[in-house]
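Accompanying notes for the structure given below.
The values are calculated or read from the model by the stated rules, or taken from the named source; none is laboratory data. What you are looking at is a predicted structure, and each value in this text was computed from that prediction instead of being measured. In this analysis, Cβ positions are derived from the backbone assuming ideal geometry, glycine residues included, and neighbour counts consider all displayed protein chains. Just the protein is used for accessible areas: all its heavy atoms, side chains included, with ligands, DNA and RNA removed. Shrake-Rupley method; radii C 1.70, N 1.55, O 1.52, S 1.80 Å.
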Amino acid sequence: MKKLGQIFKNKEIVDRIFFTLMILLVFRIGAAIAVPGVKIVGDWSDSDALSMMNLLGGGALSSFSIFALGVSPYITAQIIVQLLSMDVLPALSELNKQGQYGRKKMEMATRYLTLLLGAVQAYGIIKTMQATNYIELSTIGNSEFLTYAYIVTVLVAGGMLVMWLGDQISVKGIGNGISVIIFAGIVVSLPTQILQAFSQYLSKSIPTGVASLILSGVGRFLLYLVAYIAIITFVIFIESSKRKIPVQHAGKSGAGQKYSQASFLPIKINSAGVIPVIFASSIMMAPQVIVSFIEGADTEAEWLNVFSSSKMTTMPWFNGQTWQMPWGLIIYVVLIIAFTFFYSSLQINPEQLAENFQKNGSYIPGIKPGNETERYVSKVLNRVTFIGAISLALIAALPVVLVLTNVLPQSLALGGTGLIIVVGVAIEISTQIDGLVAGKSFEEVQGRSAD
């Protein structure tokens, strides 16, 4: 209550929260506006090719709205630019070292790449949904090319508008804009999922009047809620956990006396956030999107199950028999672990960290500066990242395992990926608000001291 009082007393925080809510309102309105010329004729099924995009867009894809692309092209473009800037493309590597100017240029490159990826992704989505008989297009002037060009243009324009809305939140609102938009989209779907669980477990048993069936339904529903809370608690623990490396800072005071100040280098267990899950899902989605581009190709072919984490792949066996293996899930988990290590190395560069320590006169107690510091930080980072990677893979794979083992139906799968995003963004927003409140309190103290 005390924190809420401090928030509402701070005009800047209130204005930022109000601005963020208004932008999210615009996003939800856009997510409800269907693309003209497109009619939904089928039933939505969460295939791996589209489920992640639908999750990030808050259901905008399943309703084929003007915001159907969401922030997916922008996130993919960001990852690609970051990968290329790691001494892969010399021009981007040079920009990465040029401070604020370089970051602006890289951001512009990201936006251009977003346009290109958005167009390709939009066309792939249209073809995939047509192949599954989910949508029907109204032909413009008897021209198939004009029809596709029109719908792709509308979807790309919507995606770029979502990116702009995210930028506005980052500058004038609370939290990272893109993350907040994803957060809002996922939160909107949570009440629906809880109601589906209630309907699944209780709505059919209550009318029967049989006590045993009612008690069984209540027990299952409560167990479902407990499992949800347990996953949220585990995600909060992982997102908040960090390994603190003690650091000493040596220097001289104004009087010429030497001093030593102690602090910590915090390394988060999950420093990569949810990016590895998104990137792994994008790679798993690619083969199905590519197949949808090929006229006459079988989009339900058995070999495509290898790239679907929620399906079993049928394998040949002796005497004409077959057996099933969740190759898609195994590949998905391996990709998440690999990308967690990769993205963590992007966030924390041990070599650059060791160089900065030497320049600033900082050191880790008991560790020699230079190469030994680099090796020590690398060792700690790898150990911490291993825990984070396994945890992230476990959270992302748990819903799939529950569905494959028939513990839960597909419609009630506990969204581990969504919960990672929601909890991470909530912690980030809370931290930013705490910083703004602390800054305001410091200004008030300084003002009273001046008086």
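Computed over protein heavy atoms with a 1.4 angstrom probe, the accessible surface ordering of Ile181, Ile194, largest first, is Ile194, Ile181. The amide H of Arg243, built 1.01 Å from its N in the peptide plane, has Ile267, Lys268, Ile269 as neighbours under 5 Å, considering only residues 5 or more places off or on other chains.
Accessible area per residue was computed with a 1.4 Å probe on protein heavy atoms; Asp43 scores about 140 Å².
A helix-only calculation puts the chain at -22500 deg cm²/dmol for mean residue ellipticity at 222 nm, using -39500 (n - 2.57) for each DSSP H run of at least four residues, averaged over all residues.
Using C-alpha pairs under 8 Å with a sequence gap of at least 6, the mean separation divided by the residue count of the chain gives a relative contact order of 16 percent.
When the Cα positions of Ala77, Ser189, Ala354 are compared along the charge dipole of the chain, Ala354 comes out farthest toward the positive end, with charges on each C-beta of Lys, Arg, Asp and Glu. Note that the range 46-147 shows a convex hull volume over its alpha carbon atoms of 129 Å³ per residue. Counting only protein chain heavy atoms and rolling a 1.4 Å probe, the accessible areas of Tyr101, Tyr148 rank, largest first, as Tyr101, Tyr148.
Note on the chain: with charges restricted to the Cβ of Lys and Arg (+1) and Asp and Glu (-1), its dipole about the Cα centre is near 1560 debye. For the chain, take the longest principal axis of its alpha carbons; what is the angle in degrees between that and the long axis of helix 371-404, to the nearest 10 within 0 to 90? The answer is roughly 20 degrees. Taking Cα atoms, how many degrees apart are the long axis of helix 177-198 and the longest axis of the chain, rounded to 10 and kept between 0 and 90? With both axes taken from Cα atoms, the answer is about 50 degrees. What the pair-distance distribution of the range 20-85 shows, using all Cα-Cα distances binned every 5 Å from zero, is 4, 17, 21, 22, 17, 11, 7, 2, 0 percent. Taking Cβ atoms as reference points and 14 Å as the exclusive limit, the residues near Leu392 contribute a net charge of 0, counting Lys and Arg as +1 and Asp and Glu as -1.
Between their Cα atoms, which of Lys244/Lys359; Lys39/Lys127; Lys9/Lys242; Lys104/Lys242 are more than 24 Å away from each other?
Listed pairs above 24 Å: Lys9/Lys242; Lys104/Lys242.
With 0.36 nm allotted per residue and the present C-alpha distance subtracted, the Lys11-Asn382 stretch has 129.2 nm of extension available.
Between the C-alpha center of the range 63-128 and that of the range 335-380 there is a gap of 28 Å. The label-point distance for Leu190 and Ile283, in a model that sets each label 7 Å from Cα toward Cβ, rounds to 3.0 nm.
Label-to-label distance, Phe342 versus Gln82, with points set 7 angstrom from Cα along the beta-carbon direction: 1.1 nm.
If you bin all the Cα-Cα distances of the chain at 20 Å, starting from zero, the percentages per bin are 20, 52, 25, 4, 0. Between the amide H of Thr313 and those of Met325, Trp327, Gly328, distances stay under 5 Å, these residues lying 5 or more places away or on another chain, with hydrogens modeled in the peptide plane. Projected label points at Leu4 and Leu25, each 7 Å from Cα along the beta carbon direction, are separated by 2.1 nanometres.
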